[in-house]
1. Taking semi-axes √(5λ) of the Cα gyration tensor in Å straight from the coordinates, which label in [x] 28, 14, 11; [y] 26, 18, 14; [z] 35, 13, 10 is the correct one?
2. Of Thr49, Pro92, Val59, which is farthest along the charge dipole of the chain in the positive direction, counting Lys and Arg as +1 and Asp and Glu as -1 at C-beta?
3. Quick one: angle between helix 43-64 and the longest Cα principal axis of the chain, in degrees between 0 and 90, rounded to 10, please.
4. Heavy atoms only, probe 1.4 Å: what % of the accessible area of segment 73-121 goes to carbon and sulfur, would you let me know?
5. In degrees from 0 to 90, rounded to the nearest 10, what is the angle of the helix 102-120 Cα long axis to the longest principal axis of the chain?
6. Skip the ligands, DNA and RNA, and give the accessible area per residue of segment 57-110 with a 1.4 Å probe, whole Å².
7. Rounded to two decimal places and with Rh computed the Kirkwood way over Cα pairs, what is Rg over Rh for segment 64-121?
8. Between Phe116 and Asn67, what is 0.36 nm times their sequence separation minus the Cα-Cα distance? Round to one decimal in nm.
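The values are calculated or read from the model by the stated rules, or taken from the named source; none is laboratory data. This is a predicted model, so every value here is computed, not measured. No Cβ is skipped: glycine too gets one built from the backbone with ideal geometry, and neighbour counts run over all protein chains shown. Accessible surface areas use protein heavy atoms only, side chains included; no ligands, DNA or RNA. Shrake-Rupley method; radii C 1.70, N 1.55, O 1.52, S 1.80 Å.
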Amino acid sequence: MQTESVKPPTPVRGLRAGALLVSGIINAGGALSVLLGMGGASDSRMAATWALVQFLSGVWAGVLGANSPFLHGLVAGLPALALGLALAGPLPPQFVIVSWALAPAAALVAAAIMRFLRHRG
């Protein structure tokens, strides 16, 4: 006879520190490598790498912060946004601001894929 409740625990709401740490490190490290390490690269190559950094940090934010992926994605993109606006580089400020939207979009896509695969299997 089972004496414990079968009811699953309620999902955790709010921000998860682990998700923010992992995605923030990816975001800040990638932004610094683009701004400081790709000095000789063409502008289009730097822009593509910048977008990839935002996308990857958003994916990890969505995977690790699956209960509120959009919020985790918004916060995950903040380090690169701050670095891109603070450090003068070849990337125009409007590109840095618009590319910030890639992180929450990637977080939503990653969380949706995870939920689809979990419900399917």
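1. [z]
2. Val59
3. Helix 43-64 and the main axis of the chain meet at about 10 degrees.
4. Accessible surface attributable to carbon and sulfur in segment 73-121 totals 75 percent.
5. Compared with the principal axis, the helix lies near 30 degrees.
6. I get 43 Å² per residue for this part.
7. Working: Rg = 14.2 Å, Rh = 12.4 Å.
Taking Rg over the Kirkwood Rh, I get 1.14.
8. Taking Phe116 through Asn67 to full extension adds about 16.3 nm, to one decimal.
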